[in-house]
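J.: First the structure, which I've put down as structure tokens, then a few questions once you've had a look.
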Amino acid sequence: MSHDGIGQSRIAAAAPQFDKTRHGTLCSEVNFIRNILKQYLSVFKLKCLYVAVTRARNNLRIADESSIGEPMRVGSSPSSILTVSDILCFQAFWESRGQILSCRPGQESTDFARASNEEQWANRAKLFFDNGQWEHAKNCYERAGKKQAASVADAYLQRERARRIPSEGKGKVRKVAFLDAAKAFGSCAQNANDVLAKNKYLRLYAGCLEEEGENSQLERAAEVYQQGNWVSDASRLYRELGMFNKIFDIITQSEASLVATIPESIHDVTRLHFVSKNDYK
């Protein structure tokens, strides 16, 4: 009996006891945290609402299940005491001006967005293209069904990406990227509808070959420049490659107006080269 009594007292002592003080403190802490979270969520929602109101261009849609936003919807101060008749009056006033549309769950409302037609996509694409936003322009031109314009924007995009690749440590990747951009501009030149556009894309094609940097690509770029009568650029590259015979051909075979665009320094270096070789052409 004595052993059982001792065992029971030990078990009773080891059992958890309900502490009213600790329980009350814990509940107060939980309530405090809950209130803080509510305040944070309220501030966060207000910030989101502020951003929506200040950024909306044409329409603003607010979904609210509570009655907190009622003063804002009817155009009255939150501190005002509104009756049902007041709310209906204000609502009718704003709705009569076509400035708000009150909807209930399940009620049909205006579409959130309307599909743009091809003309609108093309106009937006041109805006992006003029601002140098090649990727957006490409996507818009594709939606507008303008494949050639989308290809041109893609070529500019490839060149921009190639220029962003650092030359140190990634020289090979950079060269390949410029070759891809050159091919893209070359394709645009082949598919161009007029001579001006074709010449423009050919010059961009040669420019990408020049930025690639290898001697073989520089020579090819110089040939394209020469064929397009951009003799100043062609002479500059031929000088860099030491191909003075090519410069001599340009000077002697091109029109005087084109020869005048070649820097005098290239004329002097070319003369010096042939004089040093005892080649008095």
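No lab work stands behind these numbers, since they all come straight from the coordinates. Given the structure is predicted, the values throughout are model-derived calculations rather than measurements. A quick note on method: Cβ atoms are made from the backbone with ideal geometry, for glycine too, and the neighbour counts reach across all protein chains shown.
J.: Taking the stated definitions as given, is Ala184 in contact with a Gly (Cβ under 8 Å, 6 or more places away or on another chain) and either under 27 Å from Ser257 (Cα atoms) or in contact (Cβ under 8 Å) with a residue 12 or more places away in the chain (or both)?
T.: So Ala184 fails the test.
J.: A further question follows. Which count do you get for residues in the stretch 237-256 that are surrounded by fewer than 19 Cβ atoms within 10 Å (Cβ to Cβ), in a helix (DSSP H, G or I) and within 43 Å of the chain's Cα centre (by Cα)?
T.: Adding up the residues that qualify gives 2.
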